Number of protein chains: 2
Amino acid sequence: MDHHTRAPTKGLREGSPLKRRAILDAARVLFVAEGFERTSVDAVALRANVSKRTVYDYYGGKSTLLVRVVEEVGQALMDSIHLAIRAHLGDEASLTGSRELEAALIAFALQVASSTIESSDYAAFVKLVSTEGSHLTEMSGHSLADAPENAIAERLAYFAREGLLEVTNANRAADHFVALSFALVINNGGVFGKPSVPDTTETITEGVRAFFRAYSAR
Amino acid sequence: MDHHTRAPTKGLREGSPLKRRAILDAARVLFVAEGFERTSVDAVALRANVSKRTVYDYYGGKSTLLVRVVEEVGQALMDSIHLAIRAHLGDEASLTGSRELEAALIAFALQVASSTIESSDYAAFVKLVSTEGSHLTEMSGHSLADAPENAIAERLAYFAREGLLEVTNANRAADHFVALSFALVINNGGVFGKPSVPDTTETITEGVRAFFRAYSAR
DNA sequence: GTGACACTACACCGTGTAGTGTAATAAATA
DNA sequence: TATTTATTACACTACACGGTGTAGTGTCAC
């Protein structure tokens, strides 16, 4: 894993890793909870038990703080997905039958959902990115956007090659998979912000089942 | 800023319907394009060719303006959906075969998408609501949230009764329908804000096809 | 001690912006 | 024409917030 190693802005202080963490954590929580615009730098400093000046000395300003937060959470999501793929959808997995594959897909989606989405209001974070994303033109890791879906698409193509799925367009299939599982959990029950909060496990399970009905090789 | 929030119908001026429209239209366009926070009341007044004072005389303030905009667009969406349902999924429609139903579902989704979603960046509007929605606790018409999905669920249940679909939970099926069609168009290609902009028609068509594969009675 | 450094506390600036008060003016109405 | 009403133009308040400069304090190494 390559780290920054770069000088994005000048005259920043290195400081203690603990304070860096505290600031970044505070920023993430507040951005997610209140939104980027509504979160003041003072509030971040207060929550991190750090002076406002230190926030500016560590990170260059509010916008860079947002960039760092997005980078970090995006990376966490990607790691989580790759981990879950290795755990349930790897090449060596003995997914010989249709039932096994369905179960594996469900397990995969459940693991990703529980490890990242549910924790710390990941849902709100995605909204944050898609909303405040206009401030993120300078995202170093655009990999954030494509990587997850690409990874899933690659696996689906693999299972298609194995004769377990019927997939003509892997990327679209991946979009459908995400739409039926994670997306449903994130914006709860549809695009029109419903208030109902059904069981995440059930939502994911049924979503993946529907995906499987649509894409399994008969 | 924690003052009042209470003066919905008190001391407001009636004024001319034209100016009301102009103000509301300007607010809608700017809120959608720039976001609620980033839009100043001055900008709204400027765009509506009206003095800022008039904006405050007509509507009570910025937040009420947002509420009115959300109410209106939500209503437009609902009307559009009901219209499309009547046009393609009505009881009297001669949907005897499986192929006809699939085609009708596609036509329905395409009509809703083209009449509301594409026009005037409805996508951005949905994001606006889901983001600034915390300011909308006092939404008079909560019908905005439930109605669309409920209407779709009702139709799906009907087709299930007719033996054309296999649906155990109509509401969940409706969620899946929306997720595979409108939601995919709105947040383009997945939850992780992809930059790609494929054809809306193709996205909708393929999404509904996938839905049909998952829910058609074999 | 002395210096180098990290950090805080705090005052401060500039700016953007919600919201109000009011005088002047245009338009409708009597 | 006189009066009332709608609307504008504009000044003005209040305030939140991003960002900076700086004085002072604690800490550690030499």
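Quick look at the values:
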| quantity | calculated |
| --- | --- |
| Meets criteria (in contact with a Pro (Cβ under 9 Å, 6 or more places away or on another chain) and more than 8 Å from DNA strand D (Cβ to nearest atom)) for A:V67 | yes |
| Positions within the range B:58-107 being among the charged types (D, E, K, R), in contact with a helix residue (DSSP H, G or I) (Cβ under 8 Å, 6 or more places away or on another chain) and not in a helix (DSSP H, G or I), in sequence order | B:D91 |
| Selection within the range B:36-50 - more than 14 Å from chain A (Cβ to nearest Cβ), open to solvent by 60 Å² or more (accessible area, probe 1.4 Å) and either within 13 Å of DNA strand C (Cβ to nearest atom) or part of a helix (DSSP H, G or I) (or both) | B:D42, B:L46, B:R47 |
| Members of the range A:14-30 found to be crowded, with 16+ Cβ neighbours inside 10 Å and of a type outside the set (A, V, I, L, M), listed by number | A:K19, A:R20, A:D25, A:R28 |
| Among residues of the range B:51-61, those that are surrounded by 19 or more Cβ atoms within 10 Å (Cβ to Cβ) and more than 13 Å from DNA strand D (Cβ to nearest atom), counted | 1 |
| Residue ID - most open to solvent (accessible area, probe 1.4 Å), chosen from residues in the range B:73-84 that are closer than 11 Å to B:S115 by Cα and out of contact with any Pro (no Cβ under 7 Å at 6 or more places or on another chain) | B:L83 |
| Number of the exception - A:E132 against (1) more than 10 Å from every other protein chain (Cβ to nearest Cβ); (2) at pLDDT 60 or above | (1) |
| Residue among B:A33, B:A104, B:A87 that alone is more than 14 Å from DNA strand C (Cβ to nearest atom) and open to solvent by 40 Å² or more (accessible area, probe 1.4 Å) | B:A87 |
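The values are calculated or read from the model by the stated rules, or taken from the named source; none is laboratory data. Owing to the predicted nature of the structure, the values given are computational and were not obtained by experimental measurement. FYI the Cβ positions are ideal-geometry reconstructions off the backbone, even for glycines, and counts take in every protein chain you see. Remember, those area values only see protein heavy atoms, side chains included, never the ligands or the DNA or RNA. Shrake-Rupley method; radii C 1.70, N 1.55, O 1.52, S 1.80 Å.
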